Amino acid sequence: MYPTTLTQLSRANPFNAPLFSLQEIEEPKQSLPANGRSRNLAAAAIAEGDSCEFGSRKYLLLCGFGGIISCGTTHAALVPLDLVKCRMQVDPDKYKSIGKGFSLTLKEDGARGLAKGWAPTFIGYSMQGLCKFGFYEMFKIFYSDMLGEENTYLWRTSLYLAASASAEFFADIALAPMEACKVRIQTCPGYANNLRQCAPKMFAEEGVWAFYKGVVPLWMRQIPYTMMKFACFERTVELLYKHVVPKPRAECTKGEQLIVTFTAGYIAGVFCAIVSHPADSVVSVLNKESGSTAVQVLKKLGPKGVWKGLVARIIMIGTLTALQWFIYDSVKVYFRLPRPPPPEMPESLKKKLGLTE
């Protein structure tokens with residue numbers, strides 16, 4: 001029966017409610033593929049030029065590999081800016097601006113000091129990228145199969161939000177230990193110079209809890225960030241091809257498509273930074289101070305303190321998100337993975353709305 005219970009529940013979604021309602025009509029039943037599952041975001045068959053089937057195990061594994069490359073390399077490349085941002089958050093009286101932060105770090109630690117924490121950053125965000133992108137593709141297909149073709153189109157923004165939130169939940173569990181080590185190295189002078197020194201010392205002092213005490217604030221920071229990152233990116237790509245790009249996506253070269261990817265990624269990154277910054281400040285302070293809780297840190301920072309370092313983070317996350325999407329899409333191009341075009345209204349839905357003769 002149409003609409004389904006799931007559709008009725010999703011009507012509370014503030015992001016993207018359809019401006020029309022559908023009438024229930026009789027339609028011939030469609031047969032499922034041989035494997036018993038329907039794929040609503042792209043055809044299940046291997047398209048000409050593709051190396052594998054959309055949604056196959058190979059597809060998901062290579063998407064996860066793309067996440068490793070895109071997240072691990074970009075976060076590692078921006079370690080100097082991330083270090084200054086973290087120090088501005090935990091010691092705003094000393095590090096009053098981005099320029100001041102860089103000059104003080106160079107004066108006290110030299111050029112090598114700007115690379116502190118690169119190892120846990122690269123390892124942690126590589127693991128996060130594996131789960132973030134790999135699980136996002138998996139959950140997107142899983143939720144799409146639950147909704148059906150028409151509901152997938154109608155509630156695609158809700159689908160992007162749900163799939164990305166589900167993926168990030170697991171990604172942050174993989175990230176938390178290395179994030180804790182990274183922040184401790186960057187914000188506690190003299191504590192440890194590298195990951196080999198930091199991880200054993202933290203374990204000896206606080207046990208396993210030292211590596212996971214920041215996972216809840218990490219969820220608070222990363223889940224809204226990732227929901228914005230994926231949903232905003234997907235819808236921005238759709239809008240760019242519809243209103244900005246002067247020709248259909250199918251007629252664009254691979255290079256032109258990657259430019260659209262980069263542009264949409266940067267736009268999404270700016271919104272990501274704003275949405276997730278307060279929780280990022282809490283995580284930075286929490287991992288610096290042993291024995292603190294998220295509530296205590298929030299009280300200490302206050303309404304203004306949680307926004308310290310926002311400009312640095314907007315620059316960092318905007319660039320980071322754009323590069324991550326560009327690299328991820330480039331990996332898909334290199335391995336000839338299926339890259340479905342922006343979603344279009346299914347023919348069955350057009351008939352229900354009277355948009356076809």
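Working out 0.36 nm times the residue gap between residue 173 and residue 212, then minus their Cα-Cα distance, what length gain in nm do you get to one decimal?
13.2 nm
With a 1.4 Å probe and every protein chain left in place, work out the accessible area per residue of the chain in Å², rounded to a whole number.
So the chain comes to 49 Å² accessible per residue, rounded to a whole number.
Can you list the DSSP H helices in the chain whose Cα atoms extend at least 20 Å along the helix axis and whose mean Kyte-Doolittle hydropathy is 1.0 or higher?
310-334
Kindly provide the Kirkwood hydrodynamic radius of the stretch 213-350 in Å, to one decimal, from all pairs of distinct alpha carbon atoms.
16.9
So how compact is the stretch 57-353: Cα radius of gyration and Dmax in angstrom?
20.2, 69
Gain in length, residue 196 to residue 111, computed as 0.36 nm per residue apart minus the alpha-carbon separation, to one decimal in nm?
28.5 nm
Using Cα springs under 10 Å in a Gaussian network model of the chain, which residue among 110, 305, 269 shows the largest mean-square fluctuation?
110
Give me the one-decimal nm value for the distance between modelled label points at residue 351 and residue 57, 7 Å along each residue's Cα-to-Cβ direction.
Here the modelled spin labels are 3.7 nm apart.
Report the convex hull volume per residue for the stretch 95-242, counting only C-alpha atoms, in Å³.
Per residue, the Cα convex hull of the stretch 95-242 comes to 142 Å³.
Would you mind putting 147-156, 343-352 in packing order, based on average other-beta-carbon counts within 10 Å, highest first?
147-156, 343-352
To the nearest 500 deg cm²/dmol, what mean residue ellipticity at 222 nm is calculated for the chain from DSSP H runs of n ≥ 4 alone, each contributing -39,500 (n - 2.57), summed and divided by the residues?
-22500 deg cm²/dmol
Between the stretch 149-180 and the stretch 284-341, what is the separation of their alpha carbon centroids in Å?
15
At 0.36 nm per residue, minus the direct Cα-Cα distance, what do residue 145 and residue 96 gain on full extension? Give it in nm, one decimal, please.
12.6 nm
Between residue 204 and residue 339, what is the label-point separation in nm under the 7 Å Cα-to-beta-carbon projection?
So the label points at residue 339 and residue 204 sit 5.0 nm apart.
Starting from the exponent 0.38 and prefactor 2.2 Å, build the expected Rg for the stretch 66-148 from its residue count and divide its actual Cα Rg by it.
Expressed relative to 2.2 N^0.38 Å, the Cα Rg reads 1.51.
Among 49, 113, 67, whose mean-square fluctuation peaks in a Gaussian network model of the chain (Cα, cutoff 10 Å)?
49
The values are calculated or read from the model by the stated rules, or taken from the named source; none is laboratory data. Source: prediction; values computed, not measured. In this analysis, Cβ positions are derived from the backbone assuming ideal geometry, glycine residues included, and neighbour counts consider all displayed protein chains. For the accessible areas, the whole protein counts, side chains as well, though only heavy atoms, and no ligand, DNA or RNA atoms are used. Shrake-Rupley method; radii C 1.70, N 1.55, O 1.52, S 1.80 Å.
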